Amino acid sequence: MDVRGAADGDLPAIARIALANDDGDGADPRYVAHLRAHGRFLVAAADGAAAGYCAVRCLDGLTLLCDLFVDPARHGGGAGRRLLDAAFDAGFEAGGERSTFASRDPRAMSLYVRYGMVPRWPLLYLEGPPLAGTPVERVPAAVAAAAERELNGRDRSADYAFWAATPGATGLLVRDGDAVAAAGIAGPDRLFHLVTADGADPAATLRAALATFTAARVRLCLPGPHPALPLLLDARWRIEDADQHMSSRPDLLSPADVLSASLA
């Protein structure tokens, strides 16, 4: 089995494998192009055909496994292990920490544990109505990305640009007086990402962000320990699905942030 970088000609096979695993991201050429440009997108090929694919990227020494999917007809054939061996090889953030969001497939979780990632908390897919409050400041995505960099030191400008390509998307700033308490980005009916400053109240910043929406229903991904979870459930939000955050160290991603399941 050969593992190599994904090429343009692999896109139909990647989409086929993604859809066979009920994953829409891999069937989106724009998403695949984003990860190819800003990380490493690998394909495992056997007998001349794609058997699986994975994508990893780096965030300040953290290697984030964004995707790992194998053709169901190839399950048990070692494609997943070969892909992870290549993704976490010495040439890509050697010695760095590792993190992923795993589906509920116990085979995948067992594999990730063998690669040094253990379960930490669930990432909940939530849907519900906007909340009452004072709407936050709408800004260009690049301004929100710069504000996040001031809050946590991470340059997520490429991800903000990716999210901003969604029609109707806008950057968000939550202020506490003159200070930025949170920065993020949202589409018309989805909060993609929201980072809260140290010392600010994550439940309050999320409530403020949710006051911005005019759609009847809003979607977001929230860590299970997030302090706003009881508030949302009391406001008739529903948990629609869940992934499992797994990592080599417990503090790699903040459970006080709204996260993207694929891009963190």
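Only the coordinates and a few stated rules stand behind these numbers; no lab work does. In this text the structure is predicted, and so the values were computed from the model without any measurement. Here Cβ is always computed from backbone atoms with ideal geometry, including for glycine, and neighbour counts include all displayed protein chains.
Structure data summary
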item: Overall form of the stretch 2-95 per C-alpha gyration tensor (a/c, 1.5; a/b vs b/c); result: oblate
item: Cα centre as origin, Lys/Arg/Asp/Glu Cβ charges: the chain dipole, Debye; result: 300
item: Gap separating the Cα centres of the stretch 215-264 and the stretch 4-65, nearest whole Å; result: 24
item: Anisotropy class of the stretch 115-264 from Cα gyration tensor, a/c 1.5 cut; result: rounded
item: Choice from 165, 182, 102 showing the highest fluctuation, given a GNM over the chain with Cα pairs closer than 10 Å; result: 165
item: Restricting the stretch 158-264 to trypsin sites (Lys or Arg not before Pro) in coil, as DSSP defines it, with at most 11 other Cβ within 10 Å; result: 236
item: Of 123, 232, 111, the one that fluctuates the most in a GNM where the chain has Cα springs shorter than 10 Å; result: 111
item: Read-out Rg and Dmax of the Cα atoms in Å, derived from the coordinates shown; its label in [x] 32.8, 107; [y] 17.9, 54; [z] 18.5, 62; result: [z]
item: Residue-span extension gain [residue 241 to residue 142] - 0.36 nm each, minus C-alpha spacing; result: 32.6 nm
item: Choice from 209, 73, 50 with maximal GNM fluctuation in the chain (Cα, 10 Å cutoff); result: 73
